[in-house]
Amino acid sequence: MRAGSGRPPAAWAADRVPAGNRWAAGRPILGAVEAFRIVGGARLAGEVRVTGAKNSVLKLMAASLLAEGTSVLHEVPDILDVEYMAELLRRLGCDVVRDRATRSVSITVPEVPHHKADYDLVRKLRASINVLGPLLARCGEADVALPGGDNIGSRGLDMHIAGLERLGATVRSEHGFLIATRDERLHGATVWLDFPSVGATENLLMASVLAKGTTVIDNAAREPEIVDICTMLQKMGGQIEGVGTSTLVIEGVEALSPTEHTTVPDRLVVGTWAVGAVMTRGDITIHNAVAAHLEIALDKLVRAGAIVDEVPDGFRVACHDRPRAVDVVTLPYPGFPTDLQPQFIALNSIAHGSAMVTENLFEARFRFVNEMVRLGADVRTDGHHAMVRGRQSLSGAPVEAADIRAGAGLVLAGLVAEGCTTVYEPHHVDRGYDGFIDDLVRLGADVSRVDV
Ligand code: EPU
């Protein structure tokens with residue numbers, strides 16, 4: 001079924017994920033298994049438009065909980081994670097209506113939302129932890145199932161918990177739930193984060209905008225997605241200074257109002273297209289893209305041999321020769337993003353020369369290397385380093401996507417491998433890339449979604 005289409009079937013075009021929906025479950029229990037089938041050798045050329053960032057919109061949806069009434073978000077990507085977050089908000093008592101034609105979602109929040117987020121949704125969507133801060137601030141209690149680790153490694157919550165406790169919350173873990181309560185209104189405090197955690201910065205922001213007094217988040221994350229949520233909170237009436245720096249100062253207010261906001265473009269999808277252009281010696285103009293959000297990654301691509309030219313709403317990436325290998329070291333923003341690390345391993349695996357890739361954020365992200373080796377890549381890992389020796393070519397093989405970015409990296413590798421590559425577990429890619437296969441086909445790739 002559905003060969004040639006990159007979109008999930010009509011079943012999930014409904015507003016809710018229906019019970020038993022195979023997309024929600026990830027894969028069917030019996031019978032055929034879905035996969036991406038890629039015939040290597042095509043050059044990617046043409047234009048592509050990127051929508052809003054997954055890693056922002058999920059938090060913006062959570063932020064809407066902070067105000068009673070209807071908030072509207074634009075440039076919402078049509079991806080599974082948005083559907084999961086919509087379902088989570090519905091279970092918290094919100095009315096969530098998606099309009100796919102205009103890429104918008106409207107969220108109507110009741111006076112007092114429910115405060116419990118169950119494991120069945122939390123396990124599918126780690127970003128569910130982002131309802132912790134807003135629910136605690138609005139309802140006085142938040143019970144959020146513990147998400148646990150995932151395919152990219154253990155993902156701690158110690159900074160979320162310690163920060164909320166400094167704001168006056170009591171947090172305990174009970175029967176698989178993280179239960180945060182407060183007696184009175186949360187109060188302002190200075191929170192020093194051990195590490196500029198994206199998720200902890202967001203939860204603390206959302207808790208402190210309604211706290212009494214001044215909160216300082218020191219060593220805060222600075223990602224464009226953090227700037228985006230700060231901008232939305234400011235529109236809602238939040239008082240935040242230092243946006244885009246590592247010190248955020250929040251002056252709590254009594255109440256916020258609903259708002260309308262356009263999600264920041266997805267720099268990780270943009271980066272994936274840019275790497276695809278270089279790997280296939282192609283020429284892609286990427287619209288709704290902000291080059292400034294990808295400075296280090298684009299500099300690496302230029303060193304690899306790419307030509308990057310700005311266009312009014314984005315930029316064009318072209319490459320005429322075999323790329324040169326480039327070292328990368330992942331770090332919090334503005335460092336090189338961990339979410340582009342698999343794509344750069346794919347690039348280095350067919351580049352001229354050798355490169356060292358160092359992963360500093362997620363210890364298990366190199367699991368994807370085993371799949372690259374199945375495609376003939378010469379990659380060796382040692383701790384958080386991977387040495388990649390570029391090969392003239394890769395050879396198509398069946399491989400499995402363990403997470404969103406690993407899946408994207410494997411699809412890119414399949415594009416340059418000789419013969420046919422089958423990428424299993426494609427639902428991971430669907431969680432983060434809106435219309436990926438359709439866009440690839442438009443750009444000239446021989447890719448389809450198949451039942452194997
Ligand atoms: N960490 C802790 N304790 C904490 C919080 C984080 O030890 O309390 C550790 C994590 O275990 C991890 C590191 O700090 O090793 C970074 O975690 P961070 O909190 O910054 O990341 P996150 O909020 O869990 C978001 C994105 C990830 C992206 C990272 C880093 C979302 C939904 N997820 O995760 O995106 O890789 O920031 O930029 O926004 C993806 O999109 O594929 C993805 C994994």
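Summary table
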{"read-out": "Simple Cβ-charge dipole of region 54-262, Lys/Arg +1 and Asp/Glu -1, about Cα centre, in debye nearest 20", "value": "160"}
{"read-out": "26 Å Cα-Cα reach of Lys54 towards lysines, excluding residues that sit fewer than 8 places from it in its own chain", "value": "Lys116, Lys124, Lys235, Lys300"}
{"read-out": "Amide H contacts under 5 Å for Lys116, placed H, 5+ residues apart", "value": "Asp143"}
{"read-out": "Normalised contact order of the chain, rounded percent, pairs of Cα under 8 Å and 6 or more residues apart", "value": "22"}
{"read-out": "Dipole moment magnitude, nearest 20 debye, the chain about Cα centre, only Lys, Arg, Asp, Glu C-beta charged", "value": "960"}
{"read-out": "Which of Cys420, Thr51, Gly93, positive extreme of dipole for the chain (C-beta unit charges)", "value": "Cys420"}
{"read-out": "GluC sites (Glu not before Pro) restricted to DSSP loop in region 212-288 with at most 10 other C-beta within 10 Å", "value": "Glu254"}
{"read-out": "Residue-by-residue Karplus 3J(HN,Hα) for region 215-220, coefficients 6.51, -1.76, 1.60, Hz, glycine and proline x", "value": "10, 10, 9, 9, 6, 6"}
{"read-out": "Share antiparallel - DSSP beta bridges, the chain, percent rounded to 5", "value": "75"}
{"read-out": "Residue-count net charge about Pro258 - beta-carbon cut-off 12 Å; Lys, Arg +1, Asp, Glu -1", "value": "-1"}
{"read-out": "The chain, helix-only ellipticity at 222 nm - DSSP H runs n ≥ 4, -39,500 (n - 2.57), divided by all residues, nearest 500", "value": "-8500 deg cm²/dmol"}
{"read-out": "Anisotropy class of region 189-242 from Cα gyration tensor, a/c 1.5 cut", "value": "oblate"}
{"read-out": "Calculated from backbone phi, Karplus (6.51, -1.76, 1.60) coupling profile of region 240-257 in Hz, x at Gly/Pro", "value": "10, 10, x, 4, x, 10, 8, 10, 9, 10, 10, 9, x, 10, 5, 7, 10, 10"}
{"read-out": "Cα-Cα P(r), the chain, percent of pairs per 20 Å interval", "value": "26, 57, 17, 0"}
{"read-out": "Relative contact order computed over region 54-262 (Cα-Cα under 8 Å; 6+ residues apart), in percent", "value": "20"}
{"read-out": "Hydrodynamic radius of region 137-250 per Kirkwood, over alpha carbon pairs, in Å", "value": "14.3"}
{"read-out": "Residue (of Val171, Ser208, Leu80) at the positive-pole extreme of the chain, dipole from beta-carbon charges", "value": "Leu80"}
{"read-out": "Charge context of Gly213, other residues only, Cβ under 13 angstrom, K/R +1, D/E -1", "value": "0"}
{"read-out": "Theoretical gain in end-to-end length, Asp218 to Asp382 [0.36 nm per residue, Cα-Cα removed]", "value": "55.8 nm"}
{"read-out": "Residues whose placed amide H lies under 5 Å from that of Gly69, excluding near-sequence neighbours", "value": "Val109"}
{"read-out": "Long-range amide H partners of Gly282 with built H, under 5 Å", "value": "Leu44, Cys319"}
{"read-out": "Region 164-237, dipole about Cα centre (Lys/Arg Cβ +1, Asp/Glu Cβ -1), debye to the nearest 20", "value": "260"}
{"read-out": "Mean projected area in nm² (Cα convex hull; one quarter of hull surface) for region 293-452", "value": "9.1"}
{"read-out": "Using alpha-carbon coordinates, inclination of helix 295-304 to the longest axis of the chain, degrees", "value": "10"}
{"read-out": "Inter-label distance, nm, simple model (7 Å from Cα along the C-beta direction), Ala101/Glu295", "value": "4.2"}
{"read-out": "Region 54-262: radius of gyration and largest Cα-Cα distance (Dmax), Å", "value": "15.3, 44"}
{"read-out": "Filtered GluC sites (Glu not before Pro), region 100-204: DSSP coil and at most 11 other beta carbons within 10 Å", "value": "Glu111, Glu184"}
{"read-out": "Hz values of 3J(HN,Hα) by residue in region 115-124 - Karplus curve (6.51, -1.76, 1.60), Gly and Pro given as x", "value": "10, 10, 10, 7, 5, 4, 8, 4, 5, 7"}
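A short reminder: the numbers here are calculations on the coordinates, not readings from a lab. Note that the structure is predicted; figures quoted are calculated from it, not measured. Note: ideal-geometry Cβ built from the backbone for every residue, glycine included; neighbour counts use all protein chains shown.
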